[in-house]
Amino acid sequence: MTAEDVLSLLGLARQAGADLWIGGGWGIDALLGEQTRPHRDVDVMHRQEHEPVLLAALTAAGFTETLDWRPVRFVVTGPRGLEIDLHPLEFAADGSAEQASLDPERPFVYPASCFVTGTIGGSTVPCLSAEQQAYFHQGYEPAERDLHDMARLRERFGIATHF
């Protein structure tokens, strides 16, 4: 997944009228303003109510659903094996959001302040804050890419991470 692929996805979503925020590795690189490692996919958060128009746009662009763990997340795969990991969010009036989790009693919480912007390929993009990224990188055994990403957040933003 290249920077151009991510920017193309954001453009496609914008044309469809769907809001997206970049998370995961690309989200961290957006916060850093540079690509620091290769990425096999892109994680995006989207407004749950925008899902029909977003899926229609992705389908028209050649993507097909390859994993369905709704309401938590789902994955679409497209041309050249591009993979998009989609996370539906339900927004509250105050701008905060929740994402369903495998434990219905403990949804993932997104404070309004976590929706920020970063830079990919010289373009400003919507993404998740460094604090939110660190929050999501806990409670599991980290892969090498997770260790890399958290080290970059500590170096640049001075925030505490779990590994």
Subject >> Pairs, first over 14 Å from ASP43 (Cα atoms) in region 67-90, second open to solvent by 50 Å² or more (accessible area, probe 1.4 Å), C-beta under 7 Å, six or more apart >> reply: GLU90/GLN48; GLU90/GLU98
Original post:
Do we have ALA100 as closer than 26 Å to GLY158 by Cβ, out of contact with any helix residue (DSSP H, G or I) (no Cβ under 7 Å at 6 or more places or on another chain) and at pLDDT 95 or above here?
Top reply: no
**OP:** Take region 146-163 and flag every residue that is open to solvent by 90 Å² or more (accessible area, probe 1.4 Å) and in contact with a His (Cβ under 7 Å, 6 or more places away or on another chain).
**Re:** HIS162
**OP:** Determine which single condition GLU141 fails, assuming it passes every other condition in (1) assigned to a loop (DSSP other than H, G, I, E, B); (2) touching a helix residue (DSSP H, G or I) at 6+ places or on another chain (Cβ under 7 Å).
**Re:** (2)
Subject >> Test: residue in region 133-145 that is aromatic (Phe, Trp, Tyr), under 26 Å from LEU55 (Cβ atoms) and open to solvent by less than 50 Å² (accessible area, probe 1.4 Å) >> reply: no
**OP:** Sort out for me the strands (runs of 3 or more DSSP E) sitting completely within region 29-101 that have 1 or more residues that are open to solvent by 80 Å² or more (accessible area, probe 1.4 Å) and farther than 26 Å from SER123 by Cβ.
**Re:** 64-69, 83-91, 97-99
**OP:** State all residues of region 1-28 that are surrounded by 18 or more Cβ atoms within 10 Å (Cβ to Cβ), part of a helix (DSSP H, G or I) and either β-branched (Val, Ile, Thr) or without any contact (Cβ under 8 Å) to a residue 24 or more places away in the chain (or both); if no residue qualifies, say none.
**Re:** VAL6, ILE28
Original post:
surrounded by fewer than 16 Cβ atoms within 10 Å (Cβ to Cβ), touching a Phe, Trp or Tyr at 6+ places or on another chain (Cβ under 6 Å) and assigned to a loop (DSSP other than H, G, I, E, B) - does that describe any residue in region 106-117?
Top reply: no
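The values are calculated or read from the model by the stated rules, or taken from the named source; none is laboratory data. Treat the numbers as computed from the prediction; the structure is a model and nothing was measured. Cβ atoms come from the backbone with ideal geometry, glycine included; neighbour counts cover every protein chain shown. Remember, those area values only see protein heavy atoms, side chains included, never the ligands or the DNA or RNA. Shrake-Rupley method; radii C 1.70, N 1.55, O 1.52, S 1.80 Å.
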